[in-house]
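Chemist: One structure, as structure tokens, below. Some questions next.
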Amino acid sequence: MRHSSTVKADMGIVIIGNSAAAVGAIEAVRRLDRNIPITVISDELHPVYSRPLISHFLAGELKSEQIFYRPKNFYEKNNVQTLLGRRAVKVDFNKRTVKLENGEKVSYRQLLIATGGTPFIPKIEGLDKTGVYTFTKLDDAKKISSVLEETQRAVVIGGGLIGLKAAEALKKRKIEVTVVELADYILSLTLDETAASILEKALKKEGIHLITSNTVQAILGDAMVKSVRLADGRIVEAQLVIVAIGVIPNVAPFKESALHIEKGIFVNDRMETNLPDVYAAGDVTQAYDRILKSYRTIPIWPNAYQQGKIAGYQMAGNKNYLYEGSFMMNSIEVGHVPTISVGLTNPPAGDGYQVIKKFDRASTVYRKVILKGDVIVGAIFSGQIDRAGILTGLLRDGIEVKGFKKELMKDQFGFVSFPKVLRKEKLLNLK
Ligand SMILES: Cc1cc2nc3c(=O)[nH]c(=O)nc-3n(C[C@H](O)[C@H](O)[C@H](O)COP(=O)(O)OP(=O)(O)OC[C@H]3O[C@@H](n4cnc5c(N)ncnc54)[C@H](O)[C@@H]3O)c2cc1C
């Protein structure tokens, strides 16, 4: 049934999306104002859930209720009207209305775009066959889960964070998995070759097959997937294919508008877009990266929440709370090998960067710190991550490490390694 009515949003705040950024915004608005009407529009039917945990649902380790990010009464308690299972298809920024797929229109006084990311789907022959999935939503995990009885073998296209999480989950469900990665090594956007090789070994030990420097050229079978053909001609049998090449900002409803979009929606330090009363937060944005000193997408959960929170404060009238910029941060554990990477991990050669690293092959403990001048701009920790927080703090605060560079590689590196003045400052901050 099609509607052409306008859904009453009392000209309050309308949020498109119902995930980390939306929750950050709702909680910030309600800290300052109990009364501004808030309406959340989401094309998913579920209440907000922790997207990073869908692999644990697929692995059979957590039930869907266990990955919900807030209690059941979250919306009611925060006085939020929800329009779940409804997709926004267009926004009229002049009339301040959001058009939904079913023809309804929702009017707003202030709009927050928190539509996150959408899977990037490359052109591969046979993508339309039954048995091909993406893996970014709880419903994807549910659909994949429902076909595992008839699945013996799976191919995951993409050896990034999402692909590896999917592969591990499938392996836990006793599926033979092959990950196909175009780059020379897995997690190539966030790790270097050494760290990746540690994780590759751990994956193989878990029984996950890995094919790098290769790609899937075609998905074969009649209506159902039977196998894939790689670029080098090899055939890999599979009844299930997961496309996990990457995620791109979900800007479809705003494409033909005056909104400033490059890779994502451009936002300033107030999470404002170029249009009046229109904010954006989370994976959909292109925002300031304080390490790279440029505007880019930083698609990680804490960043989405933080950006949403700033947008929320701004929309509720507190203009003092500003975004200082973020940086890439990734954490993954493969086969009991925890790995954390932050900031710039593969610096361009000859651009004034200094790299110090330590690799203990026997224990597979790896630490790499990248400096520009006397400031840390990136780091990788593999195998042993207990000092990652302190180093990330130094990076975040842009603290000069001139006096204690050598200490950075020591296993016992900690606040005690800081010069006295800095130690005092840090300890006071910690109070
Ligand atoms: C499998 C997986 C594992 C991950 N693991 C980690 C991790 O370990 N650590 C980490 O920091 N990050 C991780 N991430 C990334 C993290 O989940 C995202 O950074 C975060 O979810 C972004 O939040 P967001 O609010 O910007 O948008 P999203 O979480 O992408 O949510 C956007 C919402 O908007 C809805 N929507 C989009 N368009 C419309 C429309 N037109 N109309 C209505 N609704 C719409 C979407 O359906 C979705 O519900 C992972 C992501 C995935 C997929």
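The values are calculated or read from the model by the stated rules, or taken from the named source; none is laboratory data. Worth saying up front: this structure is predicted, and the values here are computed from it rather than measured. A quick note on method: Cβ atoms are made from the backbone with ideal geometry, for glycine too, and the neighbour counts reach across all protein chains shown. In case anyone asks, the SASA skips ligands and DNA or RNA and just uses the protein heavy atoms, side chains included. Shrake-Rupley method; radii C 1.70, N 1.55, O 1.52, S 1.80 Å.
Chemist: Return yes or no: is P276 open to solvent by 10 Å² or more (accessible area, probe 1.4 Å) and either within 16 Å of the ligand (Cβ to nearest atom) or in contact (Cβ under 8 Å) with a residue 12 or more places away in the chain (or both)?
Modeler: So P276 fails the test.
Chemist: Those residues that are hydrophobic (A, V, I, L, M, F, W, C) and either in contact with a helix residue (DSSP H, G or I) (Cβ under 8 Å, 6 or more places away or on another chain) or more than 14 Å from the ligand (Cβ to nearest atom) (or both), I need them from region 285-304; list them, please.
Modeler: Within region 285-304, A287, I291, L292, W301, A304 qualify.
The rows are residues; the columns are (1) modelled with pLDDT of 95 or more; (2) away from the ligand (no atom under 13 Å from the Cβ); (3) buried (at least 17 other Cβ atoms within 10 Å of the Cβ).
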| site | (1), (2), (3) |
| --- | --- |
| P71 | yes, yes, no |
| V89 | yes, no, no |
| V98 | yes, no, yes |
| Q110 | yes, yes, yes |
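Chemist: Residues that are closer than 30 Å to Y279 by Cα and free of Cβ contacts under 8 Å to residues at least 60 places away in the same chain, at least 2 per element: which strands (runs of 3 or more DSSP E) completely within region 316-405 meet that? Talk me through it step by step, then tell me what you get.
Modeler: Values: elements: 329-334, 337-343, 353-360, 365-372, 375-382.
In region 316-405, 337-343 are the strands (runs of 3 or more DSSP E) which contain 2 or more residues that are closer than 30 Å to Y279 by Cα and free of Cβ contacts under 8 Å to residues at least 60 places away in the same chain.
Chemist: In addition: When R270 is evaluated against the numbered criteria (1) away from the ligand (no atom under 16 Å from the Cβ); (2) open to solvent by less than 60 Å² (accessible area, probe 1.4 Å), which criterion, by number, is the only one it fails?
Modeler: For R270, the exception is condition (2).
Chemist: Give all pairs with beta carbons closer than 6 Å in which a residue from region 12-26 that is of a type in the set (F, W, Y) meets a residue that is open to solvent by 10 Å² or more (accessible area, probe 1.4 Å); count only pairs at least 6 apart in sequence or on separate chains.
Modeler: Qualifying pairs under 6 Å: none.
Chemist: Could you please let me know if Q307 is closer than 17 Å to A114 by Cα, away from the ligand (no atom under 16 Å from the Cβ) and buried (at least 22 other Cβ atoms within 10 Å of the Cβ)?
Modeler: No.
Chemist: I'd like the full set of residues that are crowded, with 17+ Cβ neighbours inside 10 Å and either of a type in the set (D, E, K, R) or away from the ligand (no atom under 11 Å from the Cβ) (or both), limited to region 45-66.
Modeler: Correct list: R51, A59.
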